[in-house]
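The values are calculated or read from the model by the stated rules, or taken from the named source; none is laboratory data. Small disclaimer: the values here were computed from a predicted structure and weren't measured. FYI the Cβ positions are ideal-geometry reconstructions off the backbone, even for glycines, and counts take in every protein chain you see. In case anyone asks, the SASA skips ligands and DNA or RNA and just uses the protein heavy atoms, side chains included. Shrake-Rupley method; radii C 1.70, N 1.55, O 1.52, S 1.80 Å.
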Amino acid sequence: MRTGYGSTQSVALATAVIAMIGCVKSEGSGSSDTMVASSTQTASTSKCAADNGGITLPAGFCASVFADGIGHARHIAVASNGDVYVNTWSGPYYQGPTHLGGFIVALRDTTGDGKADIIKRFGPDAQQKNGGGTGIGFYKGALYAEEGDTIVKRIVRYHVSTDSMTPRVATGDIIVNGLPANGDHPMHSFAIDATGGIYMDVGSATNSCELKNRTLQSPGHKPCVELNTRAGIWRYDANKTNQTFSSQERYATGIRNAVGIAFDGSGQLYSTQHGRDQLAESWPKLYTADQGQNLPAEELLKIEQNGDYGWPTCYFDGQQAKLVLAPEYGGDGGKAVAECASKKAPEAYFPAHWAPDGLMFYTGSLFPAHYKDGAFIAFHGSWNRAPGPQQGYNVVFVPFAGGKPVDAAKYEIFADGFAGAVKQPDRAAHRPTGIAQGPDGAIYIADDQGGRIWKVTYKGTGK
């Protein structure tokens, strides 16, 4: 990926084109170059929107609607020049027509007002049986993204042009093929380390590895052979093409659905985990409706090679702050621990069924020192907290000190108000899904309900 222009003439041409473009918004396949240098990374100097794009933030912070209506926006990657890339998704989780064009969206703010004025789409579209994906990230200037249909996904690499924001070759290099996309959790989020290790989520196909998925009092498979190819973190090499998914590359296991996955500033890998569903519905003799609403906890995991984090045999009870035996495997409603004593507990935990979908560690200097090295988590919002109200639909912050959370049970609501007046998955205005940091220290938040992207900056005086 080029990080600048090759000559004085190119710079002059870019300057002239910027002047002509002004605030014109373009969208298309990106087959021709648009010779502009991104000013996204200087957008923190813009004025705050009066209503912060409809969300609430701590004092001193403000948000702009960076883009809107771009489709079911999932995870975000920000290039070194400040251009923003978003993977979008379709499929059985969503209703309504698919957005025209490819599922990868490139966005650029050339005016510094905190709003993308150039938007382009690329990659295969729905006509090519593509349904988009969740995972997206940069490595050595190339963009890596998940794409594929409802049966099989793949990780591909695009060599995007700094000039045009899009690839010069329409088809990406296949990095990993054959990723399973059936069952309950078909998404493949990932993070790439400095040497090119791709650490990728492969979520479970079932709720708790039951003989009959999500069925009243159905026992669990013994052993749970699903763990061979699902419910864990897999490691591949971003430098190699045409790798094929198999059980041999499993890095960690027992993680039901690690949609949020990221490295902290020291290079330590973390992921979120979606806790299992339907304790009360499937096991009414063991759990009350209130327990079903509030168990199990959502989790932030510190990922270690060959680590076993407990699924499906165990779940984390946030009220007792420990892993306990699941009812499908002989559990008695939260008393028995058995083999769960040897599984890896979370570093931090959160209310049940909030659905943590985005994770990032703040390494910038724009925000006050309180946020340095801490974790931001985007919660997609619940669908299964009945009989109580649905919750989540927010972004929380977990302060870290000495490489671990200050308190495993404590968190701060950083951004809220996404859902609007009605916190129901089919009626919420917005559902936070992806979160990423830009080179200027601002953060971007993606929403897969309304297709909105917010840019959050800090204007306060306290540092």
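Values as computed for the structure displayed
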quantity	calculated
Region 228-255 - residue that is out of contact with any helix residue (DSSP H, G or I) (no Cβ under 9 Å at 6 or more places or on another chain) and among the hydrophobic types (A, V, I, L, M, F, W, C) and, of those, farthest from residue 175 (Cα to Cα)	255
Residue within region 153-169 that is more than 19 Å from residue 262 (Cβ to Cβ), at pLDDT below 95 and touching a Pro at 6+ places or on another chain (Cβ under 9 Å) present	yes
For residue 172: the one exception among (1) farther than 26 Å from residue 380 by Cβ; (2) open to solvent by less than 50 Å² (accessible area, probe 1.4 Å); (3) within 21 Å of the chain's Cα centre (by Cα)	(3)
Selected residue [open to solvent by 10 Å² or more (accessible area, probe 1.4 Å), out of contact with any strand residue (DSSP E or B) (no Cβ under 7 Å at 6 or more places or on another chain) and part of a loop (DSSP other than H, G, I, E, B)] from 163, 184	184
Strands (runs of 3 or more DSSP E) wholly inside region 278-328 that include at least 1 residues being open to solvent by 50 Å² or more (accessible area, probe 1.4 Å)	298-302, 322-325
Condition check for residue 246: open to solvent by 10 Å² or more (accessible area, probe 1.4 Å) and farther than 25 Å from residue 359 by Cβ	yes
Pair list, Cβ < 8 Å and 6+ apart or interchain, from region 312-337 residues that are farther than 14 Å from residue 348 by Cα and of a type in the set (Val, Ile, Thr) to residues that are in a helix (DSSP H, G or I) and open to solvent by less than 10 Å² (accessible area, probe 1.4 Å)	313/340; 324/340
Restricting region 116-135 to residues that are among the β-branched types (Val, Ile, Thr) and in contact with an Asp or Glu (Cβ under 7 Å, 6 or more places away or on another chain), the residue that is nearest to residue 158 (Cα to Cα)	134
From 49, 19, residue being exposed (fewer than 14 other Cβ atoms within 10 Å of the Cβ), modelled with pLDDT under 95 and over 20 Å from the mean Cα position of the chain (by Cα)	19
Tally of residues being over 17 Å from residue 182 (Cβ atoms), open to solvent by less than 10 Å² (accessible area, probe 1.4 Å) and aliphatic (A, V, I, L, M) across region 194-215	1
